[in-house]
Amino acid sequence: MSNWRDQFEDESVLRATTALFDRYYHYIALALLVAFAFWNRTSSWGNYVVGGEILFRGNDPWYHYRSTQYVVESFPSTMATDPWTGFPEGAVQGQFGTIFDQLMALVALAIGLGSPSDELVRMVVLFSPAVVGALVAIPTYLIGRRIGGRFAGVVGVAILAFAAD
């Protein structure tokens, strides 16, 4: 039985391919792991759609939805106070995630071409944490690479990709 290397007439092609793989394998692994992390975080999104309407789980998504909807309706202004937080007096909204809500509103406005529907805003609010969770792989890789090398960075991203919800 012939060796698989025998099919190459020139060993330099094999060496070049191996060197290329050794140099860039982590980019391929990172792309696959980020895609898997996004899929892992969004695979159950159908559980949040009941009767054609998106229903969030918990208080925070509803708060961010209200805040994002307000920003969409009066872009770029944010709610100064939220009457539903600290009812009946309301609470100053500054201690909550206004930048996150601004980004979600900007995405909804861009996708909705300036006039997003309520359903589109809910979809953006539903998928934004999954996108952010998948993109956390980039600083995770950079920190892991700094501490333990490229392989450690990829392992850190793999652990992050499998850790969902």
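Details
- Residues that are assigned to a helix (DSSP H, G or I), of a type in the set (Gly, Ala, Ser) and within 14 Å of residue 128 (Cα to Cα), drawn from segment 81-109: 105, 108
- Any hit, segment 75-95, residues being touching a residue at least 40 places away in the same chain (Cβ under 8 Å) and of a type outside the set (Gly, Ala, Ser): no
- Within the option set 87, 162, being within 19 Å of residue 45 (Cβ to Cβ) and open to solvent by 20 Å² or more (accessible area, probe 1.4 Å) holds for one residue only, 162.
- Looking at 113, 30, 14, 55, just one residue is in contact (Cβ under 8 Å) with a residue 12 or more places away in the chain and either touching a strand residue (DSSP E or B) at 6+ places or on another chain (Cβ under 7 Å) or of a type in the set (A, V, I, L, M) (or both), and that residue is 30.
- Inside segment 90-110, residues that are surrounded by 14 or more Cβ atoms within 10 Å (Cβ to Cβ) and out of contact with any strand residue (DSSP E or B) (no Cβ under 9 Å at 6 or more places or on another chain) make up a count of 12.
- Within segment 36-47, the residues that satisfy the criterion of being open to solvent by 60 Å² or more (accessible area, probe 1.4 Å) and of a type in the set (S, T, N, Q) are 43, 47.
- Among the residues of segment 33-75, those that are under 15 Å from residue 122 (Cβ atoms) and of a type in the set (Lys, Arg) comprise 57, 66.
- Every condition in (1) at pLDDT 90 or above; (2) open to solvent by 90 Å² or more (accessible area, probe 1.4 Å) is met by residue 33 except one, and the failing one is (2).
- Subset of segment 48-63 (residues that are over 30 Å from residue 86 (Cβ atoms) and loosely packed, with under 10 Cβ neighbours inside 10 Å): 51, 52
- Only one of 68, 78 that is surrounded by 17 or more Cβ atoms within 10 Å (Cβ to Cβ) and outside any helix (DSSP H, G or I): 78
- Selection of segment 111-159 for residues being over 30 Å from residue 22 (Cβ atoms), of a type in the set (S, T, N, Q) and surrounded by 19 or more Cβ atoms within 10 Å (Cβ to Cβ) yields only 128.
The values are calculated or read from the model by the stated rules, or taken from the named source; none is laboratory data. Please read all numbers here as calculations on a predicted model, not as lab measurements. Don't worry about glycine lacking a Cβ; one is built from the backbone with ideal geometry, like all the others, and counts go over all protein chains shown. Remember, those area values only see protein heavy atoms, side chains included, never the ligands or the DNA or RNA. Shrake-Rupley method; radii C 1.70, N 1.55, O 1.52, S 1.80 Å.
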